[in-house]
Amino acid sequence: MFRPLSKHWLVRRRERGGRSCLLLCGAAYLAWGGRAARPAGGGDLQLTEATCAVHHCHARQMVRGRSLRTRFSIVRIAAVPFAAVLLMLGSVMPASAATKGNSNPNNYLALGDSIPFGFNPFLVRPGVDPNTFVGYPELASSRFRPMKKLANASCPGETTGSFIDVNVPNNGCESYRAIAALHVSYSGSQLASAENYVGARPRTGLISITLGANDAGPLLLYCSAHTSNLDELAACVARGLHRPYPDAAIGNVLPKMAANLTTIYSSLIDAGFHGEFVAVTYYSTNYADVFPTNFLAAVDQVLAAVTKQFGGKVADAFAAFQAASAPFGGDACAAGLLIPNPPGQGPPGSCNMHPSRAGAELLAQTLRAAA
């Protein structure tokens, strides 16, 4: 069942002194390699950090003022189909925001990771204006009549655990917040902020969420550090998805993800939300790559299942991207749905895993159709 994946990669950066720092590239970095291909003549594929989201290692380098031109080597990794497995709203809103439009049912709160944030790694720099990034929530809000009043609280690299508690490890949200502002200004956890938002706006009509694909990061780091054999790596990951392997902190990825999402939805309802939940699912960068596609389908399965338990709806972005990519052999990059890598930032014709403007428009269209 668990076979090696030939086109699956884990990004590793070589630090000074020979130390290796595994980098989690946004939501499900193991599955979202874009149209990565080996360079002519073989050898390891070389990428810059611009092909990944801002996560632990290089985001902290940015804070320290180091160069953003670090090179990365690629280590093959096996993916496994998951049965269930990429964001932040803060606890402090400006006083004017907390008192304006409290009774407006057109208020729309977007939660999630780098996908709803509109993250583009090639535009990241310290102090960058958050309006530089346009995610599907911004595009979807204008599709409603009357237009939705959006508060996009997502944060690149958020996990379901760090969404609830900022002390839980995340895949880059904390580091990003150290160098640049989010769309919504807040402190504390995304959940605490969302509760405050809902409490101040009891007639909020819509909350969308894309969250969960970053949760497997610690398990993948552990497994890749303990074996380079693809079959052993796949078996290691499979053990940790449903069981406390190698321990309770790293393992039980899928049950913990479901429990965290349950906590999030329950807390928002307890805070006074009576509107509509819509989960916007993840997509595959290449539907011809079976294992990463199955991985993200499983992430979506958990997100969708918990959302439906709370009476929410599901915007099936996985199916939407699949249909749009079909004329291109399932390749979302070739279909123009992903951010193209600039010259010198990856193999010719390759893409970053995050959606392009066309991809974000498709996500927005899918959300609008579901809401």
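Taking the numbered list (1) among the polar types (S, T, N, Q); (2) at pLDDT below 95; (3) closer than 25 Å to Arg203 by Cβ in turn, Thr70 passes all entries but (3). In the set (1) within 17 Å of Ser114 (Cβ to Cβ); (2) over 16 Å from the mean Cα position of the chain (by Cα), the condition left unmet by Leu363 is number (2).
For region 333-344, does any single residue satisfy the condition of being at pLDDT 95 or above, assigned to a helix (DSSP H, G or I) and under 19 Å from the mean Cα position of the chain (by Cα)? Within region 333-344, not a single residue is at pLDDT 95 or above, assigned to a helix (DSSP H, G or I) and under 19 Å from the mean Cα position of the chain (by Cα).
Do you know which residues across region 186-196 are over 20 Å from Asp270 (Cα atoms) and modelled with pLDDT of 95 or more? Tyr186 - this is the single residue of region 186-196 that is over 20 Å from Asp270 (Cα atoms) and modelled with pLDDT of 95 or more.
For Gly251, the conditions (1) of a type outside the set (A, V, I, L, M); (2) in a loop (DSSP other than H, G, I, E, B); (3) more than 20 Å from Thr160 (Cα to Cα) are fulfilled apart from (3).
Note on region 350-371: residues that are assigned to a loop (DSSP other than H, G, I, E, B) and within 30 Å of Leu206 (Cα to Cα) total 2. Before we move on, is Lys308 at pLDDT below 95, at negative phi and basic (Lys, Arg)? So Lys308 does not fit the description; no. Of all residues in region 196-231, those satisfying the criterion of being over 28 Å from Asp316 (Cβ atoms) and part of a helix (DSSP H, G or I) are Asn196, Gly199, Ala200, Pro218, Leu221, Tyr222, Cys223, Ser224, Ala225, His226, Leu230, Asp231. Considering region 208-252, and only residues there that are within 28 Å of Leu111 (Cα to Cα) and among the β-branched types (Val, Ile, Thr), the residue that is surrounded by the most Cβ atoms within 10 Å (Cβ to Cβ) turns out to be Thr210.
Quick check: is even one residue across region 108-125 modelled with pLDDT under 95, part of a loop (DSSP other than H, G, I, E, B) and farther than 25 Å from Ser284 by Cα?
In the first step, residues of region 108-125 are kept if they are modelled with pLDDT under 95; the result is none.
Checking region 108-125: not a single residue is modelled with pLDDT under 95, part of a loop (DSSP other than H, G, I, E, B) and farther than 25 Å from Ser284 by Cα.
Among residues belonging to region 129-146 that are surrounded by fewer than 19 Cβ atoms within 10 Å (Cβ to Cβ) and in contact with a helix residue (DSSP H, G or I) (Cβ under 6 Å, 6 or more places away or on another chain), point out the one that is nearest to Gly212 (Cα to Cα). By that ranking, first place goes to Thr132.
Do we have Ser154 as in a helix (DSSP H, G or I) and within 14 Å of the chain's Cα centre (by Cα) here? Taking the combined requirement at face value, the residue does not satisfy it. None of Pro347, Pro327 is surrounded by fewer than 20 Cβ atoms within 10 Å (Cβ to Cβ), not small (Gly, Ala, Ser) and not in a helix (DSSP H, G or I) except Pro347. Of the residues making up region 158-186, those that are buried (at least 24 other Cβ atoms within 10 Å of the Cβ) and assigned to a helix (DSSP H, G or I) are Thr160, Ser162, Phe163, Cys173, Tyr176. Only residues that are over 20 Å from Leu362 (Cβ atoms) and part of a helix (DSSP H, G or I) were counted across region 126-148, and they come to 3.
Kindly evaluate Pro255 against the criterion of being surrounded by fewer than 16 Cβ atoms within 10 Å (Cβ to Cβ), within 24 Å of Phe119 (Cα to Cα) and in contact with a helix residue (DSSP H, G or I) (Cβ under 8 Å, 6 or more places away or on another chain). I'd like the intermediate steps shown before the answer.
Details: surrounded by fewer than 16 Cβ atoms within 10 Å (Cβ to Cβ): yes; within 24 Å of Phe119 (Cα to Cα): no; in contact with a helix residue (DSSP H, G or I) (Cβ under 8 Å, 6 or more places away or on another chain): yes.
No.
Scan region 257-281 residue by residue and report those that are assigned to a helix (DSSP H, G or I) and over 17 Å from the mean Cα position of the chain (by Cα). Result: Ala259, Thr262, Thr263, Tyr265, Ser266, Ser267, Leu268, Ile269, Asp270.
The values are calculated or read from the model by the stated rules, or taken from the named source; none is laboratory data. Keep in mind that this is a model prediction, so the values were computed, not measured. Virtual Cβ from ideal backbone geometry, glycine too; neighbours counted across all protein chains shown.
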